[in-house]
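K.L.:
Would you mind keeping the following structure in view while I ask a few things?
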Amino acid sequence: MPQSTFVSRHPIVAIIAMAVGFAGGAGVVAFGYITVLSSQGLAPRSDALAIMAVITGLLLTSGVVVVYVRQSTALENGLATLKEQSTLRSGELEALQKQTASLESGVNVLVEQQRALRALYTPAPEIDRLRTTDRGVGQT
C-alpha cells in the first residue's frame, strides 16, 4: 500500500504553498534587484515595481485562501461535532423522560400503598360511636 503524502492528502494547500514559495522567491529576487539599483544610485525600472506589486498580491491572495480553507475545515468539523452532540443529547433527553415517567408512576404507587397502609393500620377507638379518625365531627 502506498503511503499518502502531504500533497495527496491536501492538494489545495500544497498548491498554495508552492505559489507562496515561488512568490516569496520572486519577491526576494525583486527586492534584491531594487535594493542593488537603489544602493548604486540608479532608479529601478517601473516593471520591477509592478513585479513587486504582483508578488505582494499573490502572497496576500494565497494567505487569504489558506485561511479560508482552514476556517472552512474547522467549521465543518465543528458542525459535525455539534450534530453528534445533538444526537447524544436527544438520546439522553429521551432516557431522562422515561426515567421521569417511571419515577412518577412509582410515586403514584407509593401514595396508594401509604393510603392503604393508613387505612389498615390506623387504630379507630370508638367512644359512644365517635371515632378519633372522624375529623369533621365536633369541629366548628
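The values are calculated or read from the model by the stated rules, or taken from the named source; none is laboratory data. Since the model is a prediction, treat every value here as computed from it, not as a measurement. When we count neighbours, we look across all protein chains shown, and the Cβ atoms used for this are built from the backbone with ideal geometry, even at glycine. The accessibility values were calculated without ligands, DNA or RNA, using every heavy atom of the protein model including side chains. Shrake-Rupley method; radii C 1.70, N 1.55, O 1.52, S 1.80 Å.
K.L.:
Any idea of LEU103's accessible area? Nearest 10 Å², probe 1.4 Å.
P.N.:
120 Å²
K.L.:
Also, quick follow-up: Calculate, in nm to one decimal, what TYR33 and SER102 gain on full extension: separation in residues at 0.36 nm each, minus their alpha carbon distance.
P.N.:
Details: separation 69, 0.36 × 69 = 24.84 nm, distance 8.20 nm.
Going from the current span to full extension adds 16.6 nm.
K.L.:
At a probe radius of 1.4 Å, what is the per-residue accessible area of LYS98, in Å² to the nearest 10?
P.N.:
About 150 Å², rounded to the nearest 10.
K.L.:
Now a separate question. Given a Förster distance of 41 angstrom, what is the FRET efficiency for VAL111 paired with LEU88, based on the Cβ-Cβ distance and rounded to 0.05? Before the final figure, lay out each step's value.
P.N.:
Values: r = 35 Å, r/R0 = 0.85.
About 0.75, to the nearest 0.05.
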